[in-house]
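Chemist: I have a structure here, written as structure tokens, and I will follow up with some questions on it.
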Amino acid sequence: MAVDALKCKECGTKYPLEALFVCDQCFGPLEVEYDFSNIDVEEAKRTIQTGPQSIWRYSEFLPFTERPKSRLATGLSPLIHAPRLGEYLGGLKNVYVKNEASNPTHSFKDRVVSVAMAKAQELGYEVIACASTGNLANAVAAHAAAAGLDSYVFIPTDLEEQKILATGVYGTELVGVKGNYDDVNRLCTELSAEYDWAFVNINMRPYYSEGSKTLAYEAIEQLGWKVPDRIVSPIASGSLFTKLYKGFNEWIDLGLAEGTTPTFHGAQATGCNPVADAFEDGRDFCKPVKPDTIAKSLAIGNPADGPYALDVARSTGGSIEQVTDDEIRYGIKLLAHTTGVFTETAGGVTVASLKKIAERGEIDPDETVVVYVTGEGLKTLDAARGTFEKYEIEPTVDAFNEFVPTPVTA
Ligand SMILES: *Cc1c(COP(=O)(O)O)cnc(C)c1O
Ligand SMILES: [Zn+2]
């Protein structure tokens, strides 16, 4: 297996593959480093194609020396061709929606948690914890329950009720913190120094974030080992966005995928736009903001990977978009009307951002565009409220005939 060490993203200092996340020398973030020089491309393809129906088919490219097992199979979410959405956006023929709602807890967070938990178990941890904007809470609680591990889940108290209920049900220790996500995250960073727990997105963050690469690998495999021309992905901490870049480039460099690095577009809500704002201002750092948006799963005001996300967008000729809450609601509706996929607010951010990019005329009709729809609409039902009409009639044919509503399309 190719996993080699942890390595500081800033100064390059290497560390052993333990529960470490910051560099002692320069306080830079640590990242998993691989040595893929011994990989045989054809054999790697075969291993993947004959592997399990989950992210573990890619375990050679993840931080393990042996293929992990987990009881909840994560990954292999559908990549849906969306010609009606493409048509609406001005005749784009090859728009694909990667629908992460099919994961065990209905968001892409199952991927990062599966990887972080497998590593935590390998390192001997017995308690799993996280600081969550919602979906991570669901995933940690469920995967810990499946593995029989204790878990502590820290969330901002103002989270969507659906997400709280869909977490508590798994029997986790659910801790509401009176503050926003950035307060929760700071608290958990302090707690991680005090408790010998695996905080999936704090002391296990280098492993956690590797799980996002599988969203690049899967898109490539599902497109017939081809790289898309363009991708649109939501940004909260920037981890998913930057690891998609890592994943695509690993396979391009190895010759496992045909094509060149896609153009990367990030998507944020105007009510929590630190990366989009820095992009617009031409800054290479983010100014922290106080989130105020319906896209709570993306509500990180001080994004750890913000500067790296800016680099990715700029170096690939892409952008970081921002959309208002009304545009988010419209994005949810547009996706539902044209593809039959009901996404949570984060997917509304992504689709509304795609619409902006398309309206600027930046997308060639023949390009392959992958849009990452990272979570399930049933978890943020409030966003759909008031976006359509519902008629109430007496149970008679006359009453119905009085108005025959015209079918609504996008
Ligand atoms: C967590 C999350 C993201 C992205 O988070 P990053 O911190 O940027 O990796 C995107 N969509 C949904 C639905 C999420 O829950
Ligand atoms: Zn360093």
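Rule-based calculations on the coordinates, nothing more; no lab input. Quick caveat, the model's predicted, so the values are computed rather than measured. Note that we place each Cβ from the backbone using ideal geometry, even for glycine, and neighbour counts take in every protein chain shown.
Chemist: Among the residues of segment 191-202, is any under 29 Å from PRO288 (Cβ atoms), in contact (Cβ under 8 Å) with a residue 40 or more places away in the chain and in contact with a Ser or Thr (Cβ under 6 Å, 6 or more places away or on another chain)?
Modeler: Yes, there is a match, as at least one residue in segment 191-202 is under 29 Å from PRO288 (Cβ atoms), in contact (Cβ under 8 Å) with a residue 40 or more places away in the chain and in contact with a Ser or Thr (Cβ under 6 Å, 6 or more places away or on another chain).
Chemist: Which count do you get for residues in segment 2-41 that are in contact with a Leu (Cβ under 8 Å, 6 or more places away or on another chain) and either in contact (Cβ under 8 Å) with a residue 40 or more places away in the chain or within 16 Å of ligand 1 (Cβ to nearest atom) (or both)?
Modeler: Within segment 2-41, residues that are in contact with a Leu (Cβ under 8 Å, 6 or more places away or on another chain) and either in contact (Cβ under 8 Å) with a residue 40 or more places away in the chain or within 16 Å of ligand 1 (Cβ to nearest atom) (or both) number 14.
Chemist: Here are some residues: ARG314, ARG329, ARG385. Which one is surrounded by fewer than 13 Cβ atoms within 10 Å (Cβ to Cβ) and under 28 Å from PRO274 (Cα atoms)?
Modeler: Going through ARG314, ARG329, ARG385 in turn, the sole match is ARG385.
Chemist: Further question: Restricting to segment 300-337, and then to whatever is under 21 Å from ASP158 (Cβ atoms) and among the polar types (S, T, N, Q), can you tell me which residue is farthest from ligand 1 (Cβ to nearest atom)?
Modeler: Only one residue tops the list, namely THR324.
Chemist: Checking GLY266 against (1) within 16 Å of THR374 (Cα to Cα); (2) out of contact with any strand residue (DSSP E or B) (no Cβ under 8 Å at 6 or more places or on another chain), only one condition comes out false. Which one?
Modeler: (2)
Chemist: Let me ask something else about it. Kindly indicate the residue of segment 1-40 that is β-branched (Val, Ile, Thr) and away from ligand 2 (no atom under 16 Å from the Cβ) and also farthest from GLY238 (Cα to Cα) among those meeting that condition.
Modeler: Selected residue: ILE39.
Chemist: Please go through segment 87-114 and pick out each residue that is over 18 Å from the mean Cα position of the chain (by Cα) and buried (at least 24 other Cβ atoms within 10 Å of the Cβ).
Modeler: VAL95
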